[in-house]
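The block underneath contains the structure these notes are about, expressed in structure tokens.
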Amino acid sequence: MGLNKLFLPILLLISLAASAQVRWMTLDKAMEAQKEVPKKILIDVYTVWCGPCKLLDKNTFGNPDVSAYINENYYAVKFNAEGDETINYQNNTFTNPNYDSSRSGRNARHQFTAYLGVTGYPTVVFLDEKGQFITPVVGYHDVQQMEFYLKLFHSDDYKALKSQTDFTAYFKNFKPLFKS
């Protein structure tokens with residue numbers, strides 16, 4: 001009996017820790033999953049040498065509120081902007097023909113990175129429920145900033161923002177709920 005009382009809190013902590021992680025998948029799997037259950041796709045475009053990318057992973061995507069929201073409302077894709085993965089998207093195949101496996105730091109830019117219009121790392125790219133490009137969001141974002149973008153795109157509120165003034169007003173009225 002006493003042993004069960006000990007294991008229950010441990011199992012609860014393990015469960016909470018597991019739920020605090022984003023369930024990453026490949027773009028192919030995300031596009032396939034959209035056919036069954038339509039959700040938007042979030043693509044974390046990173047590089048192995050990028051310090052802010054590592055901070056985004058740890059501080060923002062590692063946050064239980066952020067990861068739970070992503071897991072519930074998005075298909076999450078992790079994409080190495082300088083990797084050698086083959087990407088199939090919009091009837092195109094993207095590779096990294098100049099990838100050099102002997103390099104440990106910076107590498108050649110992947111064709112898909114250029115196609116997405118990524119200009120810096122990290123960048124989070126949002127796709128709609130049909131896999132159509134919405135926009136990239138460049139740079140490191142903390143928990144509340146990421147909450148803003150996650151909810152803006154998930155709710156489709158971005159479609160009503162026609163000017164910088166609209167965006168500024170929306171941002172000013174946004175009330176973050178996620179804990180840092």
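The values are calculated or read from the model by the stated rules, or taken from the named source; none is laboratory data. Keep in mind the model is a prediction, meaning the values are calculated, not measured. Ideal geometry is used to build each Cβ from the backbone, glycine not excepted, and the neighbour counts take in all protein chains shown. We work out accessible area using only protein heavy atoms, side chains counted, and drop any ligands, DNA or RNA first. Shrake-Rupley method; radii C 1.70, N 1.55, O 1.52, S 1.80 Å.
For the stretch 36-180, the relative contact order comes to 29 percent (Cα pairs under 8 Å, sequence separation of at least 6). Tell me which label goes with the value of Cα extents along the principal axes in Å computed from the coordinates here: (1) 61, 48, 35; (2) 44, 34, 25; (3) 45, 43, 27. Given (1) 61, 48, 35; (2) 44, 34, 25; (3) 45, 43, 27, the structure-derived one carries the label (1). Excluding residues on the same chain fewer than 8 positions from LYS78, give the lysines whose Cα lies under 23 Å from its Cα. Qualifying lysines at Cα under 23 Å: LYS29, LYS35, LYS39, LYS40, LYS54, LYS58, LYS130, LYS151. For the chain, the antiparallel share of DSSP beta bridges with both residues in that region comes to about 60%.
A cut-off under 14 angstrom between Cβ atoms defines the neighbours of PRO97, and their net charge, with Lys, Arg +1 and Asp, Glu -1, is -3. Approximating the spin labels as points 7 Å out from Cα along Cα→Cβ, the LYS54-to-THR95 distance works out to 3.1 nm. Considering only protein heavy atoms and a 1.4 Å probe, what is the carbon-and-sulfur percentage of the accessible area of the stretch 45-157? So the carbon and sulfur contribution to the accessible surface is 46 percent. Evaluating 6.51 cos²θ - 1.76 cosθ + 1.60 at θ = phi - 60° for every residue in the stretch 117-134, the Karplus couplings come out as x, 6, 10, x, 10, x, 9, 9, 9, 10, 10, 7, 5, 10, x, 7, 4, 9 Hz, glycine and proline recorded as x. Take the chain with all the other protein chains still there, run a 1.4 Å probe, and you get 58 Å² of accessible area per residue. Could you work out how far the C-alpha centroid of the stretch 14-90 sits from that of the stretch 148-170, in angstrom? Result: 22 Å between the Cα centres.
Compactness of the stretch 69-162 is given as radius of gyration and Dmax, 14.8, 47 Å, from Cα positions. For the chain, the residue among VAL66, ASN96, TRP49 whose Cα projects farthest onto the positive side of the dipole built from Cβ charges is VAL66.
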